[in-house]
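Take this structure first; my questions come after.
The values are calculated or read from the model by the stated rules, or taken from the named source; none is laboratory data. The shown structure was predicted, so the numbers you read here are calculated from the model rather than taken from an experiment. Because the Cβ atoms are built from the backbone with ideal geometry, glycine has one as well, and the counts that use them run over all protein chains shown.
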Amino acid sequence: MSKMSDTLMRHGEAQRITLTLNGRERSGYCEPRELLSDFLRHELGATGTHVGCEHGVCGACTVHVGGVAARSCLMLAVQADGRRVETVEGLAPAQTLGDLQQAFQRHHALQCGFCTAGILMSCADFLQRMPDPSEEQVREMLSGHICRCTGYTPIVAAVLDVAARRRNAAAGKEVEHA
C-alpha cells in the first residue's frame, strides 16, 4: 500500500477501486475526487501517463479506457473502477516496441518525449478506428495535442507509415523500409 493510501485510509476518505491495467488486474485506494491520471501515476506506478495542463487540452495524459482514448486528467479514478485501462506501458509486449513506437523512432517523431505517450495512445486509438487515414485526418486527430518540440510533420509521417504497413501486411505484401 502506498503512503498516500495509508494516509487516506486513516482519515476514512479512501475508496478501494480495482481496474484492469494493461491486461493485469490492479487495485488501489483513492479519494473520491482523485483524478485517474494521479491514481495511475502515484498509486499504480504507471508513470508513462504524463500530466501537463490538467484541463484536457494538451493530451499528454491520454490513456485508453474501455478501448477508447480518454484524457485521464478529466476523469475521476472511481469512474475507472471495474474497467479496462491501457497506458503507454501496455502498447507493446515487454522489452519491445510496437509498430507505432517503431515508426515514431524511424521518423524522429519525438524529442523531449513529454507529450509522446499521450500522442501514441491517441494514434493507436485513431488507427483502430481509421485504418486508412489521409494526411488531413491525421493532422485533425493530432490537433488535440500540444507538442512544443517536434512540429507535427514527423508524427504525421509515422502514423501514415504505420497505416500503410498494416494495410500491406493485411494484404500479404512486402513492406518497404522508409
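Yes/no per residue for (1) assigned by TED's automatic domain parsing to the domain that holds L19; (2) of a type in the set (D, E); (3) more than 25 Å from R41 (Cα to Cα); (4) under 16 Å from the mean Cα position of the chain (by Cα):
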site: Q79; (1), (2), (3), (4): yes, no, no, no
site: V85; (1), (2), (3), (4): yes, no, no, yes
site: F104; (1), (2), (3), (4): no, no, no, yes
site: G118; (1), (2), (3), (4): no, no, no, yes
site: F126; (1), (2), (3), (4): no, no, no, yes
site: R139; (1), (2), (3), (4): no, no, yes, no
site: I146; (1), (2), (3), (4): no, no, no, yes
site: T153; (1), (2), (3), (4): no, no, yes, no
site: L160; (1), (2), (3), (4): no, no, yes, no
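Would you mention how many residues in the range 89-147 are part of a loop (DSSP other than H, G, I, E, B) and either aromatic (F, W, Y) or at positive phi (or both)? Steps first, please.
Residues of the range 89-147 that are part of a loop (DSSP other than H, G, I, E, B), as a first pass: 91-98, 107-115, 130-134, 143-147.
Pick out the ones that are also either aromatic (F, W, Y) or at positive phi (or both) and you get 95, 108, 113-114.
Summing the residues that are part of a loop (DSSP other than H, G, I, E, B) and either aromatic (F, W, Y) or at positive phi (or both) in the range 89-147 gives 4.
Just one of (1) under 14 Å from the mean Cα position of the chain (by Cα); (2) assigned to a helix (DSSP H, G or I) trips up N168, so point out which.
Failed condition: (1).
May I pose another question? Which of the residues spanning the range 68-84 are surrounded by fewer than 20 Cβ atoms within 10 Å (Cβ to Cβ) and part of a helix (DSSP H, G or I)?
Hits for the range 68-84 are V78, Q79.
G144: within 18 Å of V63 (Cβ to Cβ), at pLDDT 95 or above and either surrounded by fewer than 21 Cβ atoms within 10 Å (Cβ to Cβ) or touching a strand residue (DSSP E or B) at 6+ places or on another chain (Cβ under 9 Å) (or both), yes or no?
no
Is it true that M130 is outside the structural domain of S37 (by TED's automatic domain parsing), more than 29 Å from S27 (Cα to Cα) and either over 16 Å from the mean Cα position of the chain (by Cα) or among the hydrophobic types (A, V, I, L, M, F, W, C) (or both)?
yes
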